1. Among the numbered conditions (1) touching a residue at least 24 places away in the same chain (Cβ under 8 Å); (2) open to solvent by less than 90 Å² (accessible area, probe 1.4 Å), tell me where Phe24 comes up short.
2. Six or more apart or on different chains, Cβ under 7 Å: which pairs go from a residue in region 48-61 that's under 25 Å from Leu117 (Cα atoms) and among the basic types (Lys, Arg) to one that's open to solvent by less than 80 Å² (accessible area, probe 1.4 Å) and in a strand (DSSP E or B)? Could you list them?
3. Do we find that Ala136 is assigned to a loop (DSSP other than H, G, I, E, B), of a type in the set (A, V, I, L, M, F, W, C) and either at pLDDT 95 or above or open to solvent by less than 40 Å² (accessible area, probe 1.4 Å) (or both) in this structure?
4. Mind checking which residues of region 105-124 are among the β-branched types (Val, Ile, Thr) and open to solvent by 30 Å² or more (accessible area, probe 1.4 Å)?
5. Taking the condition closer than 25 Å to Arg116 by Cβ, open to solvent by less than 100 Å² (accessible area, probe 1.4 Å), assigned to a helix (DSSP H, G or I) and touching a residue at least 24 places away in the same chain (Cβ under 8 Å), does Val7 pass?
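The values are calculated or read from the model by the stated rules, or taken from the named source; none is laboratory data. Note that the coordinates shown come from a computational prediction; the quantities given were computed from them, not determined experimentally. Positions of Cβ are generated from backbone atoms using ideal geometry, with glycine treated the same way; all protein chains shown enter the neighbour counts. Quick note on the areas: whole protein, heavy atoms, side chains included, nothing else; ligands and nucleic acids left out. Shrake-Rupley method; radii C 1.70, N 1.55, O 1.52, S 1.80 Å.
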Amino acid sequence: MSEPQAVELPAEFRIHPIAYFAVFMMGVSALVLAGVSLPYLGWTLALPIVVAIWVRRLRTIVTEDGVTSVTLRGRRSATWDQISGLQFPRWGAVRAVLDDKSHLILPAISFRDLPRLSAASRGRIPDPYAIDSPDAERIDVDAPPEKATNKKAADKSVPTSKSGAAPDPAATRQRETGATDPAEKGVDKTSE
């Protein structure tokens, strides 16, 4: 079991720098579009600049007192006493749910950042990846699967021959229904 990492406060959570590659590609595309028709598509040259400023500005700052969200529109803060939980919507940024049921968007934080966020919050936000105690039950990946102890589960198992190969499905069906081959009963198949 590893101990939680120590994080110096204030801790900043920013968008990964690989996002600047998208800004570069957007700039190349805008340059091509502006080259086609500068009077009509010249405005596209401003888009990469706006996106670069957005990537640079978005961040979440965690301090001893609480959390500060920095977006293009400004800053908004909440103390640890005001935060009642986190919400992870399917699309969009992580939100801190406040006591008055309002939300504080926490940009640049994802589910993979929770161990670091938990360490920065000094345990006020729990780490879902941490194991509470060394005696906690762990799943042993290398262990063979347990045998079925349930009679119904044992009845549904597929019987195998001594060689380990799966049985012939027709033979299994005959055994279940009690039917046999007509040739075994003395009936001539050619006369049918």
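1. For Phe24, the exception is condition (2).
2. Within 7 Å, the pairs are Arg57/Val70; Arg59/Glu12; Arg59/Phe13; Arg59/Val70.
3. Values: assigned to a loop (DSSP other than H, G, I, E, B): yes; of a type in the set (A, V, I, L, M, F, W, C): yes; either at pLDDT 95 or above or open to solvent by less than 40 Å² (accessible area, probe 1.4 Å) (or both): yes.
Judged against the criteria, Ala136 is a match.
4. If the condition is that a residue be among the β-branched types (Val, Ile, Thr) and open to solvent by 30 Å² or more (accessible area, probe 1.4 Å), then Ile105 is the only one that fits.
5. No: the conditions fail for Val7.
Matching residues to (1) in contact with a Pro (Cβ under 7 Å, 6 or more places away or on another chain); (2) under 30 Å from Ala6 (Cβ atoms):
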position	(1), (2)
Arg59	yes, yes
Thr63	yes, yes
Leu72	no, no
Asp100	no, no
His103	no, yes
